[in-house]
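Taking it in order: structure first as structure tokens, then the write-up.
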Amino acid sequence: MPTAFPPDSVGLITPQLAHFSDPLALACGRSLPAYDLIFETYGELNATASNAVLICHALSGHHHAAGFHSVDDRKPGWWDSCIGPGKPIDTNKFFVVSLNNLGGCNGSTGPSSLNPETGKPFGADFPVLTVEDWVHSQARLADRLGIQQWAAVIGGSLGGMQALQWTITYPDRVRHCLAIASAPKLSAQNIAFNEVARQAILTDPEFHGGSFQEHGVIPKRGLMLARMVGHITYLSDDSMGEKFGRGLKSEKLNYDFHSVEFQVESYLRYQGEEFSGRFDANTYLLMTKALDYFDPAANFDDNLAKTFANATAKFCVMSFTTDWRFSPARSRELVDALMAAKKDVCYLEIDAPQGHDAFLIPIPRYLQAFSNYMNRIALI
Amino acid sequence: MRADLEIIQEWIPAGSRVLDLGCGDGELLTWLRDHKQVTGYGLENDPDNIAQCVAKGINVIEQDLDKGLGNFASNSFDVVVMTQALQAVHYPDRILDEMLRVGRQCIITFPNFGHWRCRWYLASKGRMPVSEFLPYTWYNTPNIHFCTFEDFEELCREREARVIDRLAVDQQHRHGWASKLWPNLLGEIGIYRVSSPGLADHKVAV
């Protein structure tokens, strides 16, 4: 009953599966003989296939970016605030493709999938992937869908890195790149947070060197801790203060270590708990590694301007003032390099209290600028 | 187009690279792109102006001019433009230095505080001038560094910047014989074209 959905929703969506049987050579030196990518599409591809937009997801994201999978869904896709009729990524104009990346745990081939060679889950045997590997796999999906060139490749955070990589790896196949709350590479501090998250998983006794599925368990505590650490860094001091302050669950202090006393503790535990029930530990390790390894300038004498020399896309870079995980300074670094490379670029630093998560939140100024940019995109 | 922009566009060579400091809603850059194949960037920090620039497809960069132009290489633009913003920045002398460093040529427009009406207002009322053109009171004005043509030219002399062109115009941006004769008394807005001391003449010819 699609009529039950809001008028600016893409409505009821059914994911699709694409199987690829050509081996995919990977940066690590290994290759995947065959793999599946699960994806969703919103809107209609036009006759010249010039209105296609690729959405790249972040660390814990997936293909379900907009709309609903059933009328009973409580929540729409993760970027529903930005994708739909009349929204910044307007499905009346664009044909939107959103996939679960290779190595994911939402339907694309990943560590939790069965390895056809062994008949067992890949687990720790699944190859470590890079952002560039993802871009190659996404290019194959584009080929499959008859899309020679994306009108835009769009992503936030790790998704922004993929959008940037597209302009470097396939300069002729992307006209606009929108990198939101992203960075040209991670800082030492950022890698450090990822390492804490990984150690939490790796040292969980139930991790079993990555083959926990075979043992019929999940490294729940490790995943929980990893998510809790991550979650702290996605929020700002201000937004946490406003949301929880020093609020307590009960009236008085318990003077012990095992009760959940502060509201913020309860929230983090809930987030961790919920996450550990739906996310694969090996995928988490893989995603954080892809983040850490991303450094496209490493192949260009560490010169970021040179890195983008062959890019033909126009760029839109946006950051959020209280984002300390992917701070505005990192976006400015990117913008300065793009200007030095004489690329078309606009840059917005959106005043927002929500920290890194701001890119998922419908902040009026953000949505307005996003819409203005997308409306300008010409369809050939 | 705004009248002062109409005048300065004539000083910007076709096909040149322009950096517009305080580019507003992108009016000048849009016109230059559409009529003179000019490329470049506009710096702005007002959200509404930035949104309008994005809608026009202008390369707008959200940046605070008071933090300088340290992110731009020396001599990386043919022309650096700053219209009606000199009086609103914290360090006009530093921004002039930065403009001269980044651009081969600089075009600057600003209101003349030496205009007879300002002088008369201050002399007769003993209070800071408020007019239709500059409607702010002293405590809420964004214009924190007023100067006169004489003051600005003195700063250029100090920095050994060469004044290539100067136009003194009224609010309607007319430049009649009177403002030519006594610019600092009768000109309301100054439109200056300056270049840095080290630059050879042939490089600045339009």
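Read the figures in this text as sums done on the coordinates, not as results from a lab. Not measured: the values here are computed from a predicted model. As a convention, Cβ positions derive from the backbone with ideal geometry for all residues, glycine included, and neighbour counts pool all protein chains shown.
A few comments on the model shown:
- DSSP H segments from chain A that extend 15 Å or more along their own axis, Cα-based, with Kyte-Doolittle mean of 0.0 or above: A:158-169, A:188-202, A:220-234, A:281-293, A:328-340
- The range B:1-26 and the range B:122-174: distance between their alpha carbon centers, rounded to Å: 20
- Residues B:TRP177 and A:THR321, FRET efficiency given R0 of 60 Å [Cβ-Cβ distance, rounded to 0.05]: 0.70
- Residue among A:TYR366, A:TYR293, A:TYR42 with the largest mean-square fluctuation in a Gaussian network model of chain A, springs linking Cα atoms under 10 Å: A:TYR293
- Approximate spin-label separation A:ARG144-A:GLU265, in nm, with each point projected 7 Å along Cα-to-Cβ: 4.7
- Label-zone membership for the range B:8-32, site A:LYS342, 7 angstrom Cα→C-beta point, backbone N under 11 Å: B:16-17
- Structural descriptor for chain A: relative contact order 17 percent, calculated from alpha carbon pairs under 8 angstrom and at least 6 residues apart.
- Sequence-distant aspartates and glutamates (8 or more away, or on other chains) whose Cα lies within less than 17 Å of A:LYS93: A:ASP8, A:GLU40, A:GLU44, A:ASP80
- Shape call, the range A:266-380: gyration tensor on alpha carbons, a/c limit 1.5: oblate
- Ranked for footprinting exposure by Cβ neighbours inside 10 Å, fewest first, A:TRP78, B:TRP138 give B:TRP138, A:TRP78.
- When each of A:LYS306/B:LYS67; A:LYS342/B:LYS56; A:LYS75/A:LYS249; A:LYS220/A:LYS243; A:LYS243/B:LYS67; A:LYS185/A:LYS343 is checked by Cα-Cα distance, pairs over 21 Å: A:LYS306/B:LYS67; A:LYS75/A:LYS249; A:LYS220/A:LYS243; A:LYS243/B:LYS67
- Centre separation in Å (Cα based) which lies between the range A:1-78 and the range B:51-115: 44
- Each Lys or Arg adds one and each Asp or Glu subtracts one; over the other residues with Cβ under 14 Å from the Cβ of A:LYS252, this totals -1.
- Length gained when the stretch A:TYR255-A:GLU242 is fully extended (0.36 nm per residue, less Cα-Cα span): 2.2 nm
- Mean partner shielding of peptide A:339-352, defined as the number of other chain Cβ atoms within 10 Å of each residue Cβ, is 5.
- Sequence-separation-based contact order of the range A:1-145, relative, with Cα cut under 8 Å and 6+ spacing, percent: 26
- As a proxy for reagent exposure, ranking B:ARG117, B:ARG157 by other Cβ atoms within 10 Å from fewest up yields B:ARG157, B:ARG117.
- Relative contact order (%) - criterion: Cα under 8 Å, at least six apart; region: the range A:1-47: 35
- For the protein assembly as shown, the share of DSSP beta bridges that are antiparallel, to the nearest 5, is 35%.
- Within 10 Å of the Cβ of each residue in B:38-49, the mean number of Cβ atoms contributed by other protein chains is 2.
- As a calculated quantity, the FRET efficiency between A:ARG376 and B:LYS36 at R0 = 25 Å, using C-beta atoms, amounts to about 0.75.
- Peptide A:327-337 - average C-beta neighbours from other chains (10 Å radius): 2
- Take B:43-56, A:114-127 and order them by the average number of nearby Cβ atoms within 10 Å per residue, most first; the result is B:43-56, A:114-127.
- Sorting B:PHE149, A:PHE257 from the fewest to the most surrounding beta carbons within 10 angstrom yields A:PHE257, B:PHE149.
- For the protein assembly as shown, the orientation-averaged shadow of the C-alpha convex hull comes to 33.9 nm² (one quarter of the hull surface).
- Of B:LEU181, B:LEU28, B:LEU100, the one that fluctuates the most in a GNM where chain B has Cα springs shorter than 10 Å: B:LEU181
- Computed FRET value (nearest 0.05) for A:ASP351 with A:ASN299, which takes r as the C-beta separation and R₀ as 30 Å: 0.30
- In the range A:287-358, trypsin sites (Lys or Arg not before Pro) in a DSSP loop with at most 16 other beta-carbon atoms within 10 Å: A:LYS342
- Overall form of the range A:90-211 per C-alpha gyration tensor (a/c, 1.5; a/b vs b/c): oblate
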